[in-house]
Amino acid sequence: MKPKLIYQKLYTSFGPQHWWPGETPFEVMVGAILTQNTSWQNVEKAIKNLKKARVLTPDKLYKTSHKKLAALIRPAGYFNIKAKRLKNFLKFLSKSYNNNIKRLSSGDAKVLREELLLVNGIGPETADSILLYALNKPAFVVDAYTKRIFSRHKLIKENSSYEEIQGFFKSKLSSDVKLFNEYHALIVKLGKDFCLKRKPRCKLCPLG
């Protein structure tokens, strides 16, 4: 089954997913870092804490102490590590772009990706999530669900690297922000509800 057909089947079955949830591009960036190794429900709790404390802006969060930031994002898990990663990103945003999100979003996607990957704590998945969902750049996000689903369908190898999987999708799909956004969200939906790590619900799967 070709990637385009898989997308069509998923979209027909699930409809638009309205992903990524976030009121501002900066909130999406913070969420992309916080969601590492945890569920989105936990991230929402952490984001809620940041909003309640009125620090969810680049400048205010940059000035927030590590101790206070770690306490606020505690629901997201690994809070000390993630506080450090957020601080690293905030330092990059401040030093390189003067906390100007518009200036950041006007940059070249390839250059931005290279810059983000140089930030300690930001890997390919987080960088591409920021590019796609916060900055509207055509970056195809690859996660554990993507690898699981497409390796089970024999479209990629189970041991394929992030870049190999991303290259596969880019070679099969047009480079389109809206398409990449919706496709990844649909993959997440399928992985969470049907293509489970253990006891996958293959008989009920829309791709079955």
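The values are calculated or read from the model by the stated rules, or taken from the named source; none is laboratory data. Only a predicted model underlies this, so the values are computations on that prediction, with no experimental measurement involved. Glycine gets a Cβ as well: all are built from the backbone with ideal geometry, and neighbour counts include every protein chain shown.
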Legend entry - Pair list, Cβ < 8 Å and 6+ apart or interchain, from region 90-113 residues that are under 11 Å from residue 137 (Cβ atoms) to residues that are outside any helix (DSSP H, G or I) and among the polar types (S, T, N, Q): 105/136
Legend entry - Number of the exception - residue 121 against (1) surrounded by fewer than 15 Cβ atoms within 10 Å (Cβ to Cβ); (2) not in a helix (DSSP H, G or I): (1)
Legend entry - Scan of region 162-188 for residues that are surrounded by fewer than 16 Cβ atoms within 10 Å (Cβ to Cβ), touching a residue at least 24 places away in the same chain (Cβ under 8 Å) and polar (S, T, N, Q), ordered by number: 175
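Just to be sure, is residue 99 part of a helix (DSSP H, G or I), modelled with pLDDT of 95 or more and farther than 18 Å from residue 21 by Cβ? Don't jump to the end; show me each part of the working.
Working: part of a helix (DSSP H, G or I): no; modelled with pLDDT of 95 or more: yes; farther than 18 Å from residue 21 by Cβ: yes.
So residue 99 fails the test.
From the list 199, 147, 203, 178, which one is more than 30 Å from residue 93 (Cα to Cα) and within 16 Å of the chain's Cα centre (by Cα)?
Details: 199 fails: within 16 Å of the chain's Cα centre (by Cα); 203 fails: within 16 Å of the chain's Cα centre (by Cα); 178 fails: more than 30 Å from residue 93 (Cα to Cα).
Result of the check over 199, 147, 203, 178: 147.
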